1. List the residues, sorted by chain then number, that are 5 or more residues from G325 or on another chain and whose placed amide H is less than 5 Å from its amide H.
2. Tally the DSSP beta bridges in region 74-342 and give the antiparallel ones as a percent, rounded to 5.
3. How much net charge surrounds M359 when only other residues with a Cβ under 15 Å from its Cβ are counted (Lys, Arg +1; Asp, Glu -1)?
4. Output the Cα-based Rg and Dmax of region 180-247 in Å, rounding Rg to one decimal and Dmax to a whole number.
5. Could you list C47, C330 in order of exposure, starting from the residue whose Cβ has the fewest other Cβ atoms within 10 Å?
6. Which whole number of Å³ per residue matches the convex hull of the alpha-carbon atoms in region 74-342?
7. So what's the convex hull volume per residue for the Cα atoms of region 1-126, in Å³?
8. Tell me, C249, C185, C234 in order of fewest to most beta-carbon neighbours within 10 Å?
Amino acid sequence: MATTEPISQDAQSLQELARRHLWLHFSRMGAYDAEHEIPVIVRGEGCHVYDDRGRRYLDGLSALFCVNIGHGRADIAQAGADQARELGFFTNWSYAHPRAIELAARIADLAPGDLNRVFFTSGGSESVESALKLARHYHKLTGHPNKTKVIAREVAYHGTSLGALSATGITAIRQPYEPFTPGGCHVPNTNLYRLKPGYGAETLAEAVAERIEFEGPDTVAAVIMEPVQNAGGCFTPPDGYFQRIREICDEYDVLMISDEVICSWGRLGEWFGAQRYGYQPDIITTAKGITSAYAPLGAMIVSDRIAEPFLQGTSSFTHGFTFAGHPIACAVALANIDAMEREGVLDNVRANEQAFRDMLESLRDIPIVGDVRGAGYFHAIELVKDRETKASFDDDESEWLLRGFLSGELYRRGLICRADDRGDPVIQLSPPLIAGPDEFAEIESILRPTLEDAWAQVQRRR
Ligand SMILES: Cc1ncc(COP(=O)(O)O)c(C=O)c1O
């Protein structure tokens, strides 16, 4: 990070306007004052972004798991500009346009198995919302009108719209908005560092079968899971987990939704996370990296079997969003996928993910590092008070450690990553997929001393 310049007039006035008018998402707006500025990011280049004072940061989170191809790609932006000149907007409500058609066909080609039908959205929550509605509607059309419930996993995040929130399993995010769509049921996630009493890695999937039996199989529409669960800190599946989930879904006529809003478009080294773990979902929900976030776009990708009843006679999926499949976003997505293919971005992840993991593993000598987990370019470090007992930080300690120290300090030292305590406290890293050993070394050069300082402070506070 460059040295601190005195804040310019422009930067000062942006701060004031931001504090007065802009409502940041998931943010304590009251925490920003003259001493605690709102971070204002003004431009990006590759794996780095710059703030309004010219300070440089390594974007260790790909701008919230989005900018897979990296920042500052004029060619991707140009594809959007070219499309805007040709056809700035037309809707997917009863009309098609060439870019939506081409992109749908491209996605169908890359997606696993018979996931051939693409319903565009404007983002992740809309994709999840669409999948939950589609699951209900599918069962109604196929003679099972009571199949409405959805099984998700504890601490999982599936979005913030009221339907998606019913699947989200994070109490603090759910509670202020209850009641919402009924039917959200939760089962243990695949936190292998802290297995739920009574479960082993090989029996975790059975929790889904047990819950379906408990709820009544004729009431359950779908199971929704991420290939690697983000919230809680990158929980990977044990061997055979998703294969067993697939069997359970088939046995009970329940749709399997793979929520890949983060885990697709190369994040795990494959186009889709389901390909990494070798399972075949009925629906994939995606967003973020589909355009590397140069334009907002999401999609629900549906198997031929599930789409089939909607293609008959007078039936239709009575659902849509005006901007979904926006031509500019579709053109950008096509350019993004082209560039990822041409530049071997997935190969880069596969070639370097071990080096990324090794760098994170090398931090285990710092006593605050309890666990390192994840896959591809999607990893978390769980922070603990005592490595022997795995004792975690209580709410007050976590507040002090994550919000009071780590978040600000990592940013101040030039690393954007996530310090999160929606489950146990973790640091999450998910760099652009063009990152390699140089960026990993830069991450380490900031993360190591900051974690060492955090540990020193933990000891001092004892
Ligand atoms: C797995 C998953 N599903 C859904 C969403 C919601 O996506 P969005 O914020 O684009 O609405 C997210 C967002 O991070 C996510 O990670």
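1. Amide H neighbours of G325, under 5 Å, 5+ apart: T121, G298.
2. Counting DSSP beta bridges with both partners in region 74-342, the antiparallel share is about 45 percent.
3. Values: positive: R357, R364, R373, R448; negative: E353, D358, E361, D365, D438, E439, E442, E444.
Net charge in that neighbourhood comes out at -4.
4. When restricted to Cα atoms, region 180-247 yields Rg and Dmax of 12.3, 34 Å.
5. Going from least to most buried by this count: C47, C330.
6. It comes to 129 Å³ per residue, whole-number rounded.
7. Convex hull of Cα atoms, per residue: 178 Å³.
8. In order of increasing Cβ crowding within 10 Å: C185, C249, C234.
No value in this document is a laboratory result; all are computed from the given coordinates. Everything quoted here is computed from the prediction, not taken from an experiment. Every residue, glycine among them, receives a Cβ derived from its backbone with ideal geometry; neighbour counts consider all protein chains shown.
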